[in-house]
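Below is one structure; the comments refer to it alone.
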Amino acid sequence: MANKALVLELRQIVGRANVLDNMVNLQLYQYDAYLEEHRPDAVVFVHSTEEVAQVVQACNRHGLPFVPRGGGTNLSGGTIPFEGGVVIEMIHMNQLLEVDCSNLRARVQPGLFNLELGNALAPLGYQFLPDPASQKAATLGGNVAENSGGPHCFKYGVTTNHVLGLTVVLPDGQVVKLGGKAADPPGYDLTGLFVGSEGTFGICTEVVVKIVRLAEGVKTLLAIYDSIEAGSESVSAIVAAGMVPATLEMMDQLVIQAVEASLHCGLPLDCATVLLIEVDGLKDDLELQAKAIEDLCMAHGAREVRVAKDDAERALLWAGRRGAFGAVARLAPSFLVCDGTVPRTTLPQVLRKVAEVGRKYDLRIPNVFHAGDGNLHPLILFDWRDADQKARVLKAGMEILELCVAVGGTISGEHGVGLEKMEAMRLVLSEADLRSQRRVKQVFDPRNLANPGKIFPVPEEVLCAR
Ligand SMILES: Cc1cc2nc3c(=O)[nH]c(=O)nc-3n(C[C@H](O)[C@H](O)[C@H](O)COP(=O)(O)OP(=O)(O)OC[C@H]3O[C@@H](n4cnc5c(N)ncnc54)[C@H](O)[C@@H]3O)c2cc1C
């Protein structure tokens, strides 16, 4: 438990009810959607930039680390207080502060859920494009810190392409503004540096995002295949033909069966894979785009291509895709979500090898992923109560990342590095590369208090000295 003096100070800053320090409450903050657990010393709910700054300053006075937390939906252990300290829960800072349609900007607090921003913008005819499948429970602050992607990021880019400015409490408690509403601010692109920093450079307390008009129309297609290869080849063919659909998502048979069992979306249970493809844009052009994609899918081995006939059918298909991770929980007590990226032309070969890894370690591995981006999410099923299975899962996960790197891909598409992939960083970065990145961390956080023990593996010289 945190020392009494710190708890007292925290209570003076945020009020008694906003500090948790008893064992049962702390246990609720010792895990996120990854596999490890570590208990914090205290949890603090904050309501303003000023409170965040004061809490961070208190942590500095006591030399204790702090870990920002939004919805806790990250899959890489980002919010696990690996070295103890104070979890700073941002979920009450959830206001939409400003919508500026004329300048295509919105200003939000970081605890706002991604979907709530979308719901507020839609009646005005606007949208925020990054749309992680977790958008009901993932906050904008978490999206920024993980540089999150989502189905629409194939066409429109990930979070970093939509964030223009940030208010940040630095690891020493100072408040700074990075970027802003205007395009192309002078000086270093510190906004870009902060996005994807996983809470290791401080805490963002306000975010300025780009918004865009809702598309005039959308059409959603479901292409059904009897082989994964044919589905993967269609993905490459669509892109090679110069088409950029808004989404290009893939689900394999095990995932389809789990989704159907829980959500009843009308997906065919007997196929090997489906592609969920959406085109958006001017209404006049949609039929043409959809027909061209349908023809390409049929030419590359689709058994059938269905077009959603109305909004209800479209919503059902998306409920299936967005609910896929949840539905897979029917198949096993636990699963590890791998997140690697590969050149999309290598999808068939990599998916075959992922299946081989499953056979080698005697583990089932369904797949649901952002195929257009080549961003794989093999879901390795297991039972967390079985230590042997857990060990095999971790080995299989690492082997899958090695496969991704071997074909020219990388170890993360959108879920961040966190605790999960620290060792895998060595697959893509040399010790010199890692040193230069660690130096940036030292500039922002010389005392190593902001979410320590994340992203970077322990340096080789330290390992050798142990
Ligand atoms: C079912 C499911 C589906 C998912 N689908 C996707 C997907 O399609 N695309 C995708 O990219 N991810 C996906 N994810 C992963 C996850 O939802 C995203 O990483 C999301 O952005 C995390 O948001 P959060 O609010 O839950 O952040 P948290 O999990 O609370 O935190 C994530 C990281 O951000 C840091 N952080 C949180 N708030 C702040 C802040 N204000 N300032 C600084 N750092 C902060 C934390 O310290 C941590 O390192 C999925 C997860 C689940 C469970």
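The values are calculated or read from the model by the stated rules, or taken from the named source; none is laboratory data. As the structure is a computational prediction, the values presented were derived from the model and not from experiment. Positions of Cβ are backbone-derived with ideal geometry, glycine not excepted, and every protein chain shown enters the neighbour counts.
Hey, among the residues in region 31-60 that are buried (at least 17 other Cβ atoms within 10 Å of the Cβ) and in contact with a Phe, Trp or Tyr (Cβ under 8 Å, 6 or more places away or on another chain), which one's modelled with the lowest pLDDT? Of everything passing the filter in region 31-60, LEU35 is modelled with the lowest pLDDT. Checking each residue in region 328-353 for being surrounded by 21 or more Cβ atoms within 10 Å (Cβ to Cβ) and part of a helix (DSSP H, G or I) picks out VAL328, ARG344, LEU347, VAL350, LEU351.
For region 83-100, a tally of residues being of a type outside the set (D, E, K, R) and assigned to a loop (DSSP other than H, G, I, E, B) returns 8. Of the residues making up region 121-132, those that are in contact (Cβ under 8 Å) with a residue 12 or more places away in the chain, of a type outside the set (Phe, Trp, Tyr) and more than 6 Å from the ligand (Cβ to nearest atom) are LEU121, ALA122, LEU124, GLY125, GLN127, LEU129, PRO130, ASP131.
Restricting to region 103-112, count the residues that are part of a loop (DSSP other than H, G, I, E, B) and either near the ligand (Cβ under 8 Å from one of its atoms) or surrounded by fewer than 23 Cβ atoms within 10 Å (Cβ to Cβ) (or both).
4
Residue-by-condition table, conditions (1) buried (at least 21 other Cβ atoms within 10 Å of the Cβ); (2) more than 19 Å from ARG11 (Cβ to Cβ); (3) aromatic (Phe, Trp, Tyr); (4) free of Cβ contacts under 8 Å to residues at least 40 places away in the same chain:
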site	(1), (2), (3), (4)
GLU83	no, yes, no, no
MET93	yes, no, no, no
ASN114	yes, yes, no, yes
ASN119	no, yes, no, yes
SER134	yes, yes, no, no
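Considering only residues that are part of a loop (DSSP other than H, G, I, E, B) and out of contact with any helix residue (DSSP H, G or I) (no Cβ under 9 Å at 6 or more places or on another chain), look in region 403-432 and name the one that is nearest to the ligand (Cβ to nearest atom). Residue satisfying both the conditions and the ranking: LEU419.
Which ones in region 204-262 are assigned to a helix (DSSP H, G or I), of a type in the set (A, V, I, L, M, F, W, C) and either more than 14 Å from the ligand (Cβ to nearest atom) or in contact with a Pro (Cβ under 8 Å, 6 or more places away or on another chain) (or both)? Working first, answer last.
In the first step, residues of region 204-262 are kept if they are assigned to a helix (DSSP H, G or I); the result is 228-240, 253-262.
Within this subset, residues satisfying the condition of being of a type in the set (A, V, I, L, M, F, W, C) are 228, 230, 235, 237-240, 254-256, 258-259, 261.
Scanning region 204-262 gives ILE228, ALA230, VAL235, ALA237, ILE238, VAL239, ALA240, LEU254, VAL255, ILE256, ALA258, ALA261.
Going through region 177-186 one residue at a time, which ones are part of a strand (DSSP E or B) and away from the ligand (no atom under 13 Å from the Cβ)? Steps first, please.
At the first step, the residues of region 177-186 found to be part of a strand (DSSP E or B) are 177-179.
Hits for region 177-186 are LYS177, GLY179.
Of all residues in region 72-81, those being within 8 Å of the ligand (Cβ to nearest atom), under 22 Å from LEU10 (Cβ atoms) and touching a strand residue (DSSP E or B) at 6+ places or on another chain (Cβ under 8 Å) number 1.
One residue stands out among those in region 348-376 that are farther than 25 Å from ARG330 by Cα and out of contact with any strand residue (DSSP E or B) (no Cβ under 8 Å at 6 or more places or on another chain): the one that is modelled with the lowest pLDDT, which is PRO348. Within region 136-168, restricting attention to residues that are polar (S, T, N, Q) and more than 6 Å from the ligand (Cβ to nearest atom), the residue that is surrounded by the most Cβ atoms within 10 Å (Cβ to Cβ) is THR159.
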